[in-house]
Amino acid sequence: MKKHQKPDNQRLPNYFALVAIVPAILSIIAYEFIEYFRVVVWDDGTWQRTFLYGLGMLTPMALMMELFTFFLSGILSKRVNKIAEAMQKVAQGDFSIELKPEKLKPFRDIAIDFNKMTNELRSVETLRKDFINDFSHEFKTPISSINGFAKLLLETDVSEEERRAYLEIIAEESERLAALAGNTMLLSKLENQTILSEAEDYRLDKQIRQNIILLSNAWEEKKIQMDVNLEEITYHGNADLMSHVWMNLLNNAIKFTPKHGIITVSMEKKEDEIKICFADTGIGMSEEDRKRIFQKYYQADESHATKGMGLGLSIVYRIIEMCEGTITVDSTPGEGSSFKITLPVYNSSHI
C-alpha cells in the first residue's frame, strides 16, 4: 500500500531547516579561513588553536541558525498555507475568497495578483449567469409567441386580417430566433479563428453605403438624418465579416437614437491608417457601460426594453481585432455615442 505523503506546503519547515545547514557550514568555512590567516600568517600561531576555535563556534552558530530558520519557516509556512487553501477554494468554484496582502508579507504581490484574478473570475461568472438568464429569456419569448399565435391560427373563427397579423408575428419572431442562433454561432467561430480567410479587394465606402441603404426603412421610420461622408478607399479583407461590423454599428445607432436624431458616418485615410467613425445623437451610456460594452453578453439595457443578447458589439470587436485594427467608444449620457474604428492601411489602397 502506498504511504501517504504530506503536501509540499506542509513540508516547508523541513525544507527551510535543511537549507539552514548550508549557510551555517559556509559561515564556519569563512571563519576558519580568516582565522587561519590571522593566527598563522600574522600572529605566527598554530592551526590547531584555530581549528579548536572553529569547532567551538560551530555549535552555537548552527543552533542559532536552526532556531532562526525554525521560527521563520513556521511563519512563512502558515502564510503559504493560507494562499494554498485560497487557491484550493478557487479551484472548487468559490470565487468570493480574498486575501489580505498586508498580512502575507513577503507574499504581498502574490496576494494582490490573486485578488485581481478572483475579481476577474467573479466578473466572468456573473456574466455567465447573466447570459444563461438572458439566453433563456430571449429564446423563450419568441418561442412562446410562435407557439401561442400558431395555436390561434388553428381556430376556425380567425378572420383573414387576424390570420395575416398572426403570421407576420410568427415570421418576425422566427427571424429573431434565427438571428440569435446565428450570432451565437458566429461569435463562437470567430473566437476560435486566428487567420482572416477569404480576403479580397473591395470598395469599403461602397459597402458601408450599401448597408446604410439596407437599413433605410429603420432610420427613415424614425425620421433620422443620415450624414454620410466617406472617402473612396479600396480595402483588402473579408467583405462578409466587415459587413457584420457596419450592420451592427448602424443597427445600434438607430436603436438608441430618438426620432429626428442624427447619425454621422465618416471615413478617411490618414497616413498609415483608415479612420472610420459612427456617431449618433442618441441616449449615450454611462462610464460603466462604456467600459464593458464590448464584453460578451453584456447589455447596457438591463430591462430588456430593446431586443438583443449583447453579442453584436462583441462580434464587432473580435472582427476588428482579427483585422489588426482597433475600436473605441466615446459616450456621454443624453448626448450620444461615437464608435471609432482604425484599420491598418497596408491592407488597403487609396483610390
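The values are calculated or read from the model by the stated rules, or taken from the named source; none is laboratory data. Since we're looking at a predicted model, the values are computed, not measured. Every residue, glycine among them, receives a Cβ derived from its backbone with ideal geometry; neighbour counts consider all protein chains shown. Surface areas here come from the heavy atoms of the whole protein model, side chains and all, with no ligands, DNA or RNA. Shrake-Rupley method; radii C 1.70, N 1.55, O 1.52, S 1.80 Å.
Applying the criterion of being without any contact (Cβ under 8 Å) to a residue 24 or more places away in the chain and within 24 Å of the chain's Cα centre (by Cα) to the residues of the stretch 102-116, the residue that is least open to solvent (accessible area, probe 1.4 Å) is ASN115.
Taking the stretch 262-288, which residues are surrounded by 17 or more Cβ atoms within 10 Å (Cβ to Cβ) and without any contact (Cβ under 8 Å) to a residue 60 or more places away in the chain? Passing the criteria: ILE263, THR264, VAL265, ASP280, THR281, GLY282, ILE283, GLY284, MET285.
Kindly evaluate GLU198 against the criterion of being outside any helix (DSSP H, G or I), within 29 Å of the chain's Cα centre (by Cα) and either at pLDDT 80 or above or surrounded by fewer than 11 Cβ atoms within 10 Å (Cβ to Cβ) (or both). Criteria met by GLU198.
For (1) on the phi > 0 side of the Ramachandran plot; (2) at pLDDT 90 or above, each residue gets a yes or a no:
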{"residue": "THR264", "(1), (2)": "no, yes"}
{"residue": "LYS269", "(1), (2)": "no, yes"}
{"residue": "ILE276", "(1), (2)": "no, yes"}
{"residue": "THR281", "(1), (2)": "no, yes"}
{"residue": "ASP301", "(1), (2)": "no, no"}
{"residue": "GLY308", "(1), (2)": "yes, no"}
{"residue": "SER314", "(1), (2)": "no, no"}
{"residue": "VAL329", "(1), (2)": "no, yes"}
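Would you check if ASN211 is on the phi < 0 side of the Ramachandran plot, open to solvent by less than 50 Å² (accessible area, probe 1.4 Å) and in a helix (DSSP H, G or I)? Yes; evaluated as a whole, the condition is true for this residue.
Within the stretch 167-182, if we keep just the residues that are modelled with pLDDT of 85 or more and touching a Leu at 6+ places or on another chain (Cβ under 9 Å), the residue that is most open to solvent (accessible area, probe 1.4 Å) turns out to be LEU167. Scan the stretch 228-254 for residues that are over 16 Å from LYS275 (Cβ atoms) and either open to solvent by 40 Å² or more (accessible area, probe 1.4 Å) or in a helix (DSSP H, G or I) (or both) and the total you get is 13. Beta carbons closer than 7 Å, at least 6 apart along the sequence or on distinct chains, pair a first residue in the stretch 196-218 that is within 15 Å of LYS255 (Cβ to Cβ) with a second that is open to solvent by 60 Å² or more (accessible area, probe 1.4 Å) and of a type outside the set (D, E, K, R) for LEU215/ASN251. Checked against (1) open to solvent by 90 Å² or more (accessible area, probe 1.4 Å); (2) under 30 Å from GLU268 (Cα atoms); (3) of a type outside the set (A, V, I, L, M), ASP157 meets all criteria but (2). For the stretch 183-195, which positions are open to solvent by 40 Å² or more (accessible area, probe 1.4 Å), part of a helix (DSSP H, G or I) and not polar (S, T, N, Q)? Correct list: MET185, LYS189, GLU191.
Listed by first and then second residue, the pairs with beta-carbon distance under 9 Å, at least 6 apart or on different chains, first residue in the stretch 166-179 and over 16 Å from LEU152 (Cβ atoms), second of a type in the set (D, E, K, R) and open to solvent by 80 Å² or more (accessible area, probe 1.4 Å), are ARG176/LYS307.
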